[in-house]
Amino acid sequence: MRAEFDESLVTGNEMIDSQHQELIGKINKLLDSCETGNDKLVAIKTLDYLADYTEFHFSEEEKLQAEIEYPGIDKHKEEHEKLRTVVKELYEMLEEEEGPSEAFVEQVNRNVIQWLYSHIKGFDRSVAEYKNMRNNNERL
């Protein structure tokens with residue numbers, strides 16, 4: 001399964017939406033690396049690339065939430081921590097195996113792609129809606 005950015009993932013915040021598109025592209029690169037010969041080193045480097053971008057993205061989201069005084073910031077940070085744990089588990093899987101296995105790909109699909117879709121549609125959309133409401137109230 002490849003990740004796709006579609007209308008259901010649009011939050012309305014341009015910065016966040018473009019970063020989500022980039023994140024999905026990096027997830028797909030990880031999946032592509034798993035299909036090309038099960039090379040462990042390539043998969044680890046691609047996972048590094050995904051992990052680094054994820055950290056950048058989470059930092060940007062959390063900075064935005066602090067700026068707008070988003071009341072759900074602590075819960076949002078907890079959700080980000082869940083994905084960090086999944087990424088650590090993926091590294092452990094790669095360490096234990098010869099290369100990216102079917103189980104590894106299944107974990108990426110279930111615990112990265114599905115998590116991301118759910119997170120964007122719930123938590124991230126909520127932040128964007130809060131920011132829009134706050135901006136509109138400041139104009140009244």
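Within region 35-72, being over 25 Å from Arg125 (Cβ atoms), in a helix (DSSP H, G or I) and touching an Asp or Glu at 6+ places or on another chain (Cβ under 9 Å) holds for Lys40, Ile44, Thr46. Could you please find all residues in region 9-34 being modelled with pLDDT of 90 or more and not in a helix (DSSP H, G or I)? Matches in region 9-34: Val10, Thr11. On the basis of being in contact (Cβ under 8 Å) with a residue 24 or more places away in the chain, under 19 Å from Val10 (Cα atoms), out of contact with any Pro (no Cβ under 9 Å at 6 or more places or on another chain) and hydrophobic (A, V, I, L, M, F, W, C), does Val86 make the cut? When the stated conditions are applied, Val86 does not pass them. All of (1) under 13 Å from the mean Cα position of the chain (by Cα); (2) surrounded by 15 or more Cβ atoms within 10 Å (Cβ to Cβ) hold for Ile73 with one exception: (1).
Give the residue that is farthest from Ala51 (Cα to Cα), with candidates limited to residues of region 92-101 that are surrounded by 14 or more Cβ atoms within 10 Å (Cβ to Cβ) and without any contact (Cβ under 8 Å) to a residue 60 or more places away in the chain. That would be Glu97. Where helices (runs of 4 or more DSSP H) sit wholly within region 77-140, those with at least 2 residues that are more than 19 Å from Met1 (Cα to Cα) occupy 125-139.
The values are calculated or read from the model by the stated rules, or taken from the named source; none is laboratory data. These numbers come from a predicted model, not from an experiment. For neighbour counting, all protein chains shown are included, and Cβ atoms are generated from backbone atoms with ideal geometry for every residue, glycine included.
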